[in-house]
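K.L.:
Have a look at this one before I ask anything.
The values are calculated or read from the model by the stated rules, or taken from the named source; none is laboratory data. All values reported here derive from a predicted model rather than from experimental measurement. Counting neighbours? That spans all protein chains shown, and the Cβs are built from the backbone with ideal geometry, glycine included. When the accessible area is computed, the model is the full protein with side chains, heavy atoms only, and any ligands, DNA or RNA have been set aside. Shrake-Rupley method; radii C 1.70, N 1.55, O 1.52, S 1.80 Å.
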Amino acid sequence: MSALPASSPPAARFGSGRAVRRVEDPVLVQGQGRFADDVSLPGQTWLAFLRSDRAHARIVGIDTAAAQALPGVVKVFTGADLKAAGVQPIELPPAFKRPDGQVASAPPKQPLAVDVVRFVGEPVAAVVAESREAARAAVAAIMVDYEELPVVASLAAALAPGAPEVWPEAPGNVLAEARYGDAAATEAAFGKAAHRVSLELDNQRLAPSPMEPRSVLAYMENDRLTMRLSSQMPTGVRDGLAAGLPGRTEETVRVLVGDVGGGFGMKTGIYPEDLVVGWAALVTGRPVKWQAERLEEFTSAAHGRDAVSHAELALDAAGRVLALRVRTWANVGACPAAVSVVIPLLIGPWVITSIYDVPLVSLQLSAVLTHQMATGAYRGAGRPESIYLIERLMDAAAREMGVDPAELRRRNMVRPEQMPYTNALAQVYDSGRFEKILDRGLVLADWAGFEARRAEARARGRLRGRGIATFLEWTGGLALDEDVRVDVTAEGFIELSSATMAMGQGIATSYVQLAHDVFGVPLERIRVLQGDTDRANGFGSAGSRSLFTGGSAVQVASVRCVDESKKLAGEALEASPSDIEYREGRFSVAGTDLGIGLFELAARQPGARIVVSGTAKAGGPSWPNGCHVCEVEVDAATGAVEVVAYASVNDIGRVISPVIVRGQVEGGAVQGIGQALSERVSYDAGSGQLLSASFMDYALPRVDGFRAFKTEFDESVPCLTNVLGAKGVGELGTIGATPAVVNAVVDALAANGLGREAERVQMPLTAEAVWRALRREFPSVLPLRPA
């Protein structure tokens, strides 16, 4: 592990661990941010898409003559045009297997549909025009002749015997399957169990809904294609453009990303629309811009979650878990990307046993094709689904046994002396003191005083419930290394170039604090440069990895920069590098008054700057964990649910920026509350039409839906796999909130006479859903009964 220079301790006033104002905010709150749509160029054209209004149909013909003849139209493209030109689709890699063992195959993501459309909102044609209005008018003039084809618009329809196939290479519409564990040993454990509980659970489809929709501007610069867009992964987009556009290589494509108005996983990787805009710029030789409308984001930007499960837990008479068995069907849509399948079949299972010592598992997980938009990453990406299953099961088991739900969890937690601990999915936890986090969470939430609060609520005619989630998550984003370049300039600035991306989470503030630890210069002298593939390339920001990989690289590169600069200072001062000391922006010769400033030293170098790069590679993922406790009140007359208390204690290792991590946990919790209580993407089961295509129909959480959070952090257990000792934090709140809130609602209903029947509720727990549950009306969610 790299050490910090002794002369610049982390306890500096503005260094890591100190609460400082976010360095990103002054520009943003003054309206001076530079988002993708803020940039326009001379001679710029506008692109608009014609999208399919059918969930499944054959394209018999497309007539673009009337559109092409309209004033201001520059070019009209169809899928056939792009295919003939050699523009490549986005293919599913051969990394998955069908149930019969054959390599999985899915419909490719065509830049524009070729021959067949497979979901409402799929791009069919594109118009480039002199103005946005002209492009839209021309789109309306395109005539498409469709031949309707059978639609499977739900898991139940896709898995029904004899169902129409979305893709002939996916028999029975099962694209891929994964199995984990020992089915026979698990069955034997269930056979001898003193207690068995089972639940049918729906992790409903969600729309990530970042504040800023996608925006793309592509143009040519000296025979290089430059694309400016809103993305979490600039390098991934560059590589996708190089692979998909004829004649392009990674060297002849540059991707620029400015400020990003939220991503939440939706802006990872390349979209078909990016390829179309890039190709249009290549063909026309002019700048081409596309700005998505909100309707387009609902229909054609990646959705999240959407998996239904039959989950079972076996316990002995003392309440120790013997085995976990899960059968899951994940709806990955019509044209899935790799991440659509990786999330439910690989990443999610890694955390399904959570912080519990579960000796046996049997998991059967299927990725299923339907005529819907593909799923992708959404905050948590597989971990929320798995933690929801195990936390709902733990509450059900506690209710079955008549045991306090916190006590049952305590009996099954992995103990500190078991670290490093290998779970049933072969994932290694490097550190964690889960019982300590539980104890702190119970105190913060006043667990012991709940019954008095329930009685007081009952006197007011309200049903009060309490829910808990003790859990962990995996962070890493499938890449554990990151590079950072440090430039010290003669103008008096230190520039940190990274391929990770700011998207509202405050990562620049954390990077600046880490650099301040090393350099000791004022925060305003440190700049973070992101979003330029000519400066930095790497995995990007996803999977809560930006700090523990990118931040580690900031430290490594900064320390290396000081070490390399000592050599340069030795030359300038005619002294041995071993005699050079550094403190707060100045080098000096030990025991003398000879010295030179860091920035003055930079001015003497070729190019008037010192340039040093550093790479950090984590030894494994990090395993942040927490205890989240929620209390709700239910109006029995209307079913309306109000979150009235929310307390959490979180182990994220070393805290670099206290203000940032609090915002991440609490903001993430709000998104988890949204899944629990209000959000759902809904398709018509017959036609495949999207029914929740605006914020009039898709209910995001509102500020009046919950009260102030109590949030604490425990730094006593640093992560052992990275030089910072930090654990990822960006998704932790989302993962814990959903089961904590749902468990609280179930508790309120169970105590009102429903008993274990209350466990049949399904998200989102809208007022109508809870009102129906109080009248013992519950939905059925399983598409098939497990064998």
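K.L.:
Has the stretch 181-194 got at least one residue that is of a type outside the set (G, A, S), over 23 Å from R392 (Cβ atoms) and touching a helix residue (DSSP H, G or I) at 6+ places or on another chain (Cβ under 8 Å)? It would help to see each step written out before you state the result.
P.N.:
In the first step, residues of the stretch 181-194 are kept if they are of a type outside the set (G, A, S); the result is 182, 186-187, 190, 192.
Next, from what is left, pick out any that are over 23 Å from R392 (Cβ atoms): 182, 192.
Still in the running and touching a helix residue (DSSP H, G or I) at 6+ places or on another chain (Cβ under 8 Å): none.
Scanning the stretch 181-194 turns up no residue that is of a type outside the set (G, A, S), over 23 Å from R392 (Cβ atoms) and touching a helix residue (DSSP H, G or I) at 6+ places or on another chain (Cβ under 8 Å).
K.L.:
In the stretch 185-221, which residue that is farther than 30 Å from A374 by Cα and in a strand (DSSP E or B) is least open to solvent (accessible area, probe 1.4 Å)?
P.N.:
Among them, the one singled out is V197.
K.L.:
While we're here: Take V74 and decide whether it is buried (at least 23 other Cβ atoms within 10 Å of the Cβ) and in contact with a Ser or Thr (Cβ under 6 Å, 6 or more places away or on another chain). Full working, then the answer.
P.N.:
Values: buried (at least 23 other Cβ atoms within 10 Å of the Cβ): no; in contact with a Ser or Thr (Cβ under 6 Å, 6 or more places away or on another chain): yes.
It is false that V74 is buried (at least 23 other Cβ atoms within 10 Å of the Cβ) and in contact with a Ser or Thr (Cβ under 6 Å, 6 or more places away or on another chain).
K.L.:
Would you check which residues across the stretch 753-782 are at pLDDT 95 or above and polar (S, T, N, Q) and list them?
P.N.:
Q762, T766, listed by residue number.
K.L.:
Now, a different point. Please enumerate the residues belonging to the stretch 244-266 that are under 28 Å from the mean Cα position of the chain (by Cα) and in a loop (DSSP other than H, G, I, E, B). Can you show your working first?
P.N.:
Within the stretch 244-266, the subset under 28 Å from the mean Cα position of the chain (by Cα) is 244-245, 250, 253-266.
The answer is L245, V257, G258, V260, G261, G262, G263, F264, G265, M266.
K.L.:
Okay, moving on. Look at D534 and say whether it is open to solvent by 20 Å² or more (accessible area, probe 1.4 Å) and either at pLDDT 95 or above or on the phi > 0 side of the Ramachandran plot (or both).
P.N.:
On the way: open to solvent by 20 Å² or more (accessible area, probe 1.4 Å): yes; either at pLDDT 95 or above or on the phi > 0 side of the Ramachandran plot (or both): yes.
In short, yes.
K.L.:
Looking at P161, P107, can you tell me which residue is in a loop (DSSP other than H, G, I, E, B) and surrounded by fewer than 17 Cβ atoms within 10 Å (Cβ to Cβ)? Let's see the steps before the verdict.
P.N.:
On the way: P107 fails: surrounded by fewer than 17 Cβ atoms within 10 Å (Cβ to Cβ).
Of P161, P107, the one residue that is in a loop (DSSP other than H, G, I, E, B) and surrounded by fewer than 17 Cβ atoms within 10 Å (Cβ to Cβ) is P161.
K.L.:
For residues in the stretch 287-306 being of a type in the set (A, V, I, L, M) and open to solvent by 10 Å² or more (accessible area, probe 1.4 Å), which is nearest to the chain's Cα centre (by Cα)?
P.N.:
Here is the first cut: in the stretch 287-306, the residues of a type in the set (A, V, I, L, M) are 288, 292, 295, 301-302.
From the residues that got through so far, the ones that are open to solvent by 10 Å² or more (accessible area, probe 1.4 Å) too are 295, 302.
Numbers: L295: 21, A302: 11 Å.
The extreme case among them is A302.
K.L.:
While we're here: Please go through the stretch 257-286 and give me each residue that is open to solvent by less than 20 Å² (accessible area, probe 1.4 Å) and touching a Gly at 6+ places or on another chain (Cβ under 6 Å), ordered by number.
P.N.:
Residues satisfying the conditions are V257, G262, L275.
K.L.:
Which one is least open to solvent (accessible area, probe 1.4 Å) among residues in the stretch 222-237 that are without any contact (Cβ under 8 Å) to a residue 40 or more places away in the chain and in a loop (DSSP other than H, G, I, E, B)? Spell out how you get there, then give the answer.
P.N.:
Looking only at the stretch 222-237, we keep the residues that are without any contact (Cβ under 8 Å) to a residue 40 or more places away in the chain, and these are 222-224, 226, 237.
From the residues that got through so far, the ones that are in a loop (DSSP other than H, G, I, E, B) too are 222-223.
Values: N222: 154, D223: 109 Å².
This residue is D223.
K.L.:
For the stretch 657-679, state whether one or more residues are surrounded by 23 or more Cβ atoms within 10 Å (Cβ to Cβ), closer than 27 Å to A748 by Cβ and more than 26 Å from the chain's Cα centre (by Cα).
P.N.:
Within the stretch 657-679, not a single residue is surrounded by 23 or more Cβ atoms within 10 Å (Cβ to Cβ), closer than 27 Å to A748 by Cβ and more than 26 Å from the chain's Cα centre (by Cα).
K.L.:
Now for a different question. Sort out which residues of the stretch 589-627 are open to solvent by 60 Å² or more (accessible area, probe 1.4 Å), closer than 30 Å to G653 by Cβ and part of a loop (DSSP other than H, G, I, E, B), and write them in order of number.
P.N.:
G619 - this is the single residue of the stretch 589-627 that is open to solvent by 60 Å² or more (accessible area, probe 1.4 Å), closer than 30 Å to G653 by Cβ and part of a loop (DSSP other than H, G, I, E, B).
K.L.:
Is it the case that the stretch 147-155 has a residue that's closer than 30 Å to R379 by Cα, open to solvent by 10 Å² or more (accessible area, probe 1.4 Å) and not in a loop (DSSP other than H, G, I, E, B)? Don't jump to the end; show me each part of the working.
P.N.:
First, the residues of the stretch 147-155 that are closer than 30 Å to R379 by Cα: 151-155.
Okay, now just the ones that are also open to solvent by 10 Å² or more (accessible area, probe 1.4 Å), so 151, 154-155.
Subsequent filtering for residues that are not in a loop (DSSP other than H, G, I, E, B) retains 155.
Yes, the stretch 147-155 contains at least one residue that is closer than 30 Å to R379 by Cα, open to solvent by 10 Å² or more (accessible area, probe 1.4 Å) and not in a loop (DSSP other than H, G, I, E, B).
K.L.:
Check G17 against each of (1) crowded, with 18+ Cβ neighbours inside 10 Å; (2) closer than 29 Å to G619 by Cβ; (3) at pLDDT 90 or above and name the one condition it does not meet.
P.N.:
So G17 meets the others, but not (1).
K.L.:
Out of (1) in a loop (DSSP other than H, G, I, E, B); (2) surrounded by fewer than 24 Cβ atoms within 10 Å (Cβ to Cβ), the odd one out for L529 is which?
P.N.:
Going through the list (1) in a loop (DSSP other than H, G, I, E, B); (2) surrounded by fewer than 24 Cβ atoms within 10 Å (Cβ to Cβ), L529 breaks only (1).
K.L.:
Every residue in the stretch 469-517 that is crowded, with 24+ Cβ neighbours inside 10 Å and polar (S, T, N, Q), please.
P.N.:
Once the filter is applied, which keeps residues that are crowded, with 24+ Cβ neighbours inside 10 Å and polar (S, T, N, Q), the stretch 469-517 yields T470, T475, S498, T500, Q505, S510, Q513.
K.L.:
Within the stretch 173-197, which residues are within 30 Å of the chain's Cα centre (by Cα) and of a type outside the set (D, E)? It would help to see each step written out before you state the result.
P.N.:
The initial filter retains those residues of the stretch 173-197 that are within 30 Å of the chain's Cα centre (by Cα), namely 173-181.
Across the stretch 173-197, the qualifying residues are N173, V174, L175, A176, A178, R179, Y180, G181.
K.L.:
Oh, and also: Which one of these is of a type outside the set (S, T, Y), in contact with a His (Cβ under 6 Å, 6 or more places away or on another chain) and surrounded by 19 or more Cβ atoms within 10 Å (Cβ to Cβ): M373, M413? Let's see the steps before the verdict.
P.N.:
Details: M413 fails: in contact with a His (Cβ under 6 Å, 6 or more places away or on another chain).
When all the criteria are applied, what remains is M373.
K.L.:
Restricting to the stretch 544-564, name every residue that is among the hydrophobic types (A, V, I, L, M, F, W, C) and open to solvent by 10 Å² or more (accessible area, probe 1.4 Å).
P.N.:
Keep residues of the stretch 544-564 that are among the hydrophobic types (A, V, I, L, M, F, W, C), which gives 547-548, 553-554, 556-557, 559, 561-562.
If the condition is that a residue be among the hydrophobic types (A, V, I, L, M, F, W, C) and open to solvent by 10 Å² or more (accessible area, probe 1.4 Å), then L547, V556, V559 are the ones that fit.
K.L.:
What do you reckon, is E165 within 30 Å of A685 (Cβ to Cβ), modelled with pLDDT of 95 or more and out of contact with any helix residue (DSSP H, G or I) (no Cβ under 7 Å at 6 or more places or on another chain)? Give the derivation first.
P.N.:
Working: within 30 Å of A685 (Cβ to Cβ): yes; modelled with pLDDT of 95 or more: yes; out of contact with any helix residue (DSSP H, G or I) (no Cβ under 7 Å at 6 or more places or on another chain): no.
Spelling it out, it is not the case that E165 is within 30 Å of A685 (Cβ to Cβ), modelled with pLDDT of 95 or more and out of contact with any helix residue (DSSP H, G or I) (no Cβ under 7 Å at 6 or more places or on another chain).
K.L.:
Just checking, does the stretch 544-561 include any residue being in contact (Cβ under 8 Å) with a residue 24 or more places away in the chain, over 23 Å from V655 (Cα atoms) and touching a strand residue (DSSP E or B) at 6+ places or on another chain (Cβ under 9 Å)?
P.N.:
Within the stretch 544-561, one or more residues are in contact (Cβ under 8 Å) with a residue 24 or more places away in the chain, over 23 Å from V655 (Cα atoms) and touching a strand residue (DSSP E or B) at 6+ places or on another chain (Cβ under 9 Å).
K.L.:
Determine, yes or no, whether V521 is in contact with a helix residue (DSSP H, G or I) (Cβ under 8 Å, 6 or more places away or on another chain), in a loop (DSSP other than H, G, I, E, B), more than 23 Å from G728 (Cα to Cα) and modelled with pLDDT of 95 or more. Don't jump to the end; show me each part of the working.
P.N.:
Values: in contact with a helix residue (DSSP H, G or I) (Cβ under 8 Å, 6 or more places away or on another chain): yes; in a loop (DSSP other than H, G, I, E, B): yes; more than 23 Å from G728 (Cα to Cα): yes; modelled with pLDDT of 95 or more: yes.
Yes; evaluated as a whole, the condition is true for this residue.
K.L.:
Continuing with this model, one more query. Which residues, taken from the stretch 569-579, are crowded, with 18+ Cβ neighbours inside 10 Å and farther than 17 Å from I610 by Cα?
P.N.:
The one that is crowded, with 18+ Cβ neighbours inside 10 Å and farther than 17 Å from I610 by Cα: A575.
K.L.:
Then there's this: Looking at V74, is it part of a loop (DSSP other than H, G, I, E, B), closer than 27 Å to R228 by Cβ, in contact (Cβ under 8 Å) with a residue 12 or more places away in the chain and among the β-branched types (V, I, T)?
P.N.:
Numbers: part of a loop (DSSP other than H, G, I, E, B): no; closer than 27 Å to R228 by Cβ: yes; in contact (Cβ under 8 Å) with a residue 12 or more places away in the chain: yes; among the β-branched types (V, I, T): yes.
No, not satisfied.
K.L.:
Scanning the stretch 164-184 for residues that are assigned to a helix (DSSP H, G or I) and out of contact with any Ser or Thr (no Cβ under 9 Å at 6 or more places or on another chain), which turns out most open to solvent (accessible area, probe 1.4 Å)? Don't jump to the end; show me each part of the working.
P.N.:
Looking only at the stretch 164-184, we keep the residues that are assigned to a helix (DSSP H, G or I), and these are 171-173, 183-184.
Among the residues that remain, those that are also out of contact with any Ser or Thr (no Cβ under 9 Å at 6 or more places or on another chain) are: 171-172.
On the way: P171: 66, G172: 41 Å².
Within the stretch 164-184, the match that is most open to solvent (accessible area, probe 1.4 Å) is P171.
K.L.:
Can you tell me how many residues within the stretch 638-654 are surrounded by 24 or more Cβ atoms within 10 Å (Cβ to Cβ) and part of a loop (DSSP other than H, G, I, E, B)? Show your work before the answer.
P.N.:
Step one: filter the stretch 638-654 for residues surrounded by 24 or more Cβ atoms within 10 Å (Cβ to Cβ), giving 641, 643, 646, 648-653.
Checking the rest, the ones that are also part of a loop (DSSP other than H, G, I, E, B) come to 652.
The qualifying residues number 1.
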